[in-house]
Amino acid sequence: MESIPISQTKEIIKNNLDYTLFSWSKQKGISPIAVKYAKGVYLYDYDDKRYIDFSSGLMNVNIGHGDQRVTEAVVKQMQEVSYVTPSCVTKVRGELGKKIAEISPGGLTKTLFTTGGAEAIENAIKMARLYTGKHKIIARYRAFHGASYGAMTAGGDPRKLASDAQQIPNIIHVEDPYCYRCPWGKEITSCSRECVSHVERVIQFEGPENIAAILMEGESGSSGCIKYPPDYLQKIRALCDKYNILLIADEVMSGLGRTGNWFGVDAHGVIPDMIATAKGLTAGYLPFGALIVSDKIAAHFDDKVLWLGLTYSAHAVCCAAALEVLNIYEEDGLIENVNTMGKYIEAEVERLKEKHPSIGDFRNTGLLGCIELVKNRITKEPMAPFNANPEEMMIMNKVAAKIKELGMYTFVRWNYIFIAPPLCITKAEVDEGLAIISEAIKIADAYVI
Ligand SMILES: Cc1ncc(COP(=O)(O)O)c(C=O)c1O
């Protein structure tokens, strides 16, 4: 029998589905966008359908897609040398280290380069243990720190539950300061920061003499952009100082301009002992990560062996991409744009709230934001619950399908719709994206009770 010709798009998708595996998903029933090329805030498929990328990929393509300045920097580096072992040095590694020291909070001047975010977290945990001689790490339930075993254990994100029998030892979780749904039933304007006293009690229960570090995102990301009360991180820093515990900021998502500063912690006036970052460092052009540590921690290893390493640490081509991306942040004034566009989005979503009764909350910092959809604003019953099963995702799946149909790619999770576009986005592009979200949210409005 003659085979039926399939379109180019169908064949591309078929090869991917037949021969590759997809993360965090049942393998049947997925319909990925086949991206042919991408430019600025847009992805284009093989049928020339355009999608506005409202989550910058996975909140990493901060400078926007298809920037040939990065391509040129990468090609130039490859023409000179692509790989040297981490015990050799390159011009670009040193220059990047210096640049990172310049943009990092005071005293954080030395960087260990990794291959991504999870490895930065793994190395942060190990280095905190090596430095302090203590073993426990306190982290948050509503946080994701990566998919390797250590990072996954450190997160409380339910993506780990299917494999949590293999968790690493000595991670202790605390509740989040989730003010919209305060675990202590308080209001931010009148509470006594029960979220902080909770952490202090856990420190005392676990024994400060055993606790190496507290690990927290610089600003919450995929767990729902849960905003810290304004003084929260400072109070956590004070607890760290009181009990001789290190503070590790996970800036993998919140770092490198996304929140309107180089790092999320900058807005909180807090200097952590270590920063783990990745994503925006190379804006997704190449996989790369960094663990930036204080002078004090770095000096500890002057006379002691740093028992950490990776074949691809400080990969020369990734360093070149990162150096160029950091230049682009400055050359294009991207962080200033984050602040302007972030405020504009906040005002526009306020207007959407008047139109859409299903919008329960919008939490945003710079261009890291998330709409939380509810069935009822008084009861705050979510449109889909935490860790929703497929049946519970029925309404949100319809919303997500509409978003895609209308020409948008963004991250939709449980009852959250993320708004985290590339930092180069314009007002007109924001309007285009919010109009799509508004149209799709009408579906959820119909389920408001
Ligand atoms: C806050 C945070 N930390 C760590 C990671 C892990 O980064 P990677 O996927 O590069 O390993 C992520 C990924 O989404 C993240 O959002």
Take the conditions open to solvent by 20 Å² or more (accessible area, probe 1.4 Å), more than 13 Å from the ligand (Cβ to nearest atom), at negative phi and in contact (Cβ under 8 Å) with a residue 40 or more places away in the chain and apply them to Ile245. Does it pass?
no
Assess whether Ala298 counts as being out of contact with any helix residue (DSSP H, G or I) (no Cβ under 9 Å at 6 or more places or on another chain), open to solvent by less than 30 Å² (accessible area, probe 1.4 Å) and modelled with pLDDT of 95 or more.
yes
What pairs can you find where one residue is in segment 430-449 and over 14 Å from Val374 (Cβ atoms), the other is open to solvent by 50 Å² or more (accessible area, probe 1.4 Å) and polar (S, T, N, Q), and their Cβ atoms are less than 9 Å apart, with a gap of 6+ or different chains?
none
Any chance segment 179-191 includes a residue that's under 26 Å from Ala278 (Cα atoms) and either within 16 Å of the ligand (Cβ to nearest atom) or assigned to a helix (DSSP H, G or I) (or both)?
no
Of the residues in segment 409-432, those that are surrounded by fewer than 22 Cβ atoms within 10 Å (Cβ to Cβ) and small (Gly, Ala, Ser) come to Ala428
When every residue in segment 209-218 that is open to solvent by less than 30 Å² (accessible area, probe 1.4 Å) and not hydrophobic (A, V, I, L, M, F, W, C) is compared, the one farthest from the ligand (Cβ to nearest atom) is Gly218
Residue that is nearest to Val293 (Cα to Cα) [pool: residues in segment 219-242 that are within 16 Å of the ligand (Cβ to nearest atom) and without any contact (Cβ under 8 Å) to a residue 60 or more places away in the chain]:
Leu233
Residues in segment 34-85 that are open to solvent by less than 30 Å² (accessible area, probe 1.4 Å) and of a type in the set (S, T, N, Q): how many?
4
Return yes when Arg193 is open to solvent by 20 Å² or more (accessible area, probe 1.4 Å) and at positive phi and no when it is not.
yes
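The values are calculated or read from the model by the stated rules, or taken from the named source; none is laboratory data. None of these values were measured; they are calculated from a predicted model. Counting neighbours? That spans all protein chains shown, and the Cβs are built from the backbone with ideal geometry, glycine included. Heads up: the accessible areas ignore ligands, DNA and RNA and are worked out on the full protein's heavy atoms, side chains in. Shrake-Rupley method; radii C 1.70, N 1.55, O 1.52, S 1.80 Å.
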